[in-house]
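Presented below is the structure to which this report refers.
The values are calculated or read from the model by the stated rules, or taken from the named source; none is laboratory data. Just so you know, these numbers come straight off a predicted model, no measurement behind them. Cβ sites come from the backbone with ideal geometry, for glycine too, and all protein chains shown count toward neighbours. What goes into the accessible areas is simple: the full protein's heavy atoms, side chains included, and nothing from ligands, DNA or RNA. Shrake-Rupley method; radii C 1.70, N 1.55, O 1.52, S 1.80 Å.
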Amino acid sequence: MRKKILAANWKMNLLRNEAIELANQFSQYAQNHHVQIYAPFLYLSELVSDEDLAFGAQNFYFENSGAYTGEISLPQLASCGVKHVLIGHSERRQLFNETDELLKKKVDAAIANGFNIIFCCGEPREIREQNEHVQFVVSQLKNSLFHIPSSRWKQVALAYEPIWAIGTGLTATSEQAEDMHASIRQSIKVEIGEEVAESISILYGGSCNENNAKELFSCDNVDGGLIGGASLKNEAFKVIFQALYDLH
Ligand code: PGA
């Protein structure tokens, strides 16, 4: 059985008290499940005291220490009790120019420092319209992720997030999500091996909300969600949580 993971990506939202209150609300029902919250850096050391939830960083720098003004390293995160990181989110790729090459360095650093990662991939609208989305996403994975040894894949989960669906209200249909997730799993089978392909969790992200979560999660190859906007409201997130873990 693959692990079902529900991850909240709070992005640059919520003030300190709002974040603490929302995390408290999540922890009332989310214990004993794989619920991860990618919160702003500043709040992480305070939030990690809640042992019912896992907290992760939305970003980090790949060097362990040094003269990198304004950056945060993995050992610093670990020293605050953080064990999860997001890598390759399309906003980091597009707005902050993170290239496949940089992402490869981040993957290596996170793996070496013992972090669990959610590696994000996904195509822009033009690529989907040209019907080149599978090739595009698989090349993102080949360029930054597939080099890690099979023994380290336990630290990895994937999130497929079509860029045209992020924050737009447009969601991939369950067929589009299932097709892509199955293709990603197949490429892992070919490149890494069947055991990793069968055990890795592949999450869907991109306008996943309380109305469409159940249908998306019913797909065989969708093992959870990476939720942006709908993770900022407890009512919506709770419905998504119940859809994933089948609790009514
Ligand atoms: P969204 O964001 O749910 O607001 O579309 C998802 C993400 O960017 O991870």
Peptides 89-100, 202-213 ordered by average Cβ neighbours within 10 Å, highest first: 202-213, 89-100
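Give the calculated FRET efficiency between PHE146 and ALA67 to the nearest 0.05, with a Förster radius of 41 Å applied to their Cβ-Cβ distance. Don't jump to the answer; show the numbers that get you there.
Values: r = 32 Å, r/R0 = 0.78.
Taking R0 as 41 Å, the efficiency between PHE146 and ALA67 is 0.80.
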Please say if segment 123-204 is rounded, prolate or oblate, where rounded means a/c under 1.5 for a ≥ b ≥ c the square roots of the C-alpha gyration tensor eigenvalues, and otherwise the choice is prolate for a/b larger than b/c and oblate otherwise? prolate
Three-way shape call for segment 1-70 based on the alpha-carbon gyration tensor, with the a/c threshold at 1.5: oblate
For segment 37-124, which whole-number percentage of the solvent-accessible area (1.4 Å probe, protein heavy atoms only) is attributable to carbon and sulfur atoms? 49 percent
Shape category assigned to the chain from the gyration tensor of Cα positions, a/c cut at 1.5: rounded
Extend 7 Å from the Cα of GLU18 along its Cα-to-C-beta direction; within segment 42-74, residues with backbone N under 18 Å of that point are 42-44, 47, 58
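Given 20 °C and 1.002 mPa s, how large is the Stokes-Einstein diffusion coefficient of segment 28-110 in µm²/s, with Rh as the Kirkwood radius over Cα pairs?
157 µm²/s
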Would you list which aspartates and glutamates come within 12 Å of LYS105, measuring only between C-alpha atoms, while excluding same-chain residues fewer than 8 positions from it? GLU63
Take the residue pairs LYS3/LYS189; LYS142/LYS233; LYS106/LYS189; LYS11/LYS214; LYS3/LYS142 and return only those whose Cα atoms are more than 29 Å apart. LYS142/LYS233
For segment 26-98 and segment 196-248, distance of Cα centres in Å: 20 Å
Per 0.36 nm of contour for each residue apart, how much would the distance between GLU191 and SER27 grow if the chain were fully extended, relative to their Cα-Cα spacing? 55.3 nm
Relative packing of 104-117, 125-138, which averages over residues the other C-beta atoms within 10 Å, highest first: 104-117, 125-138
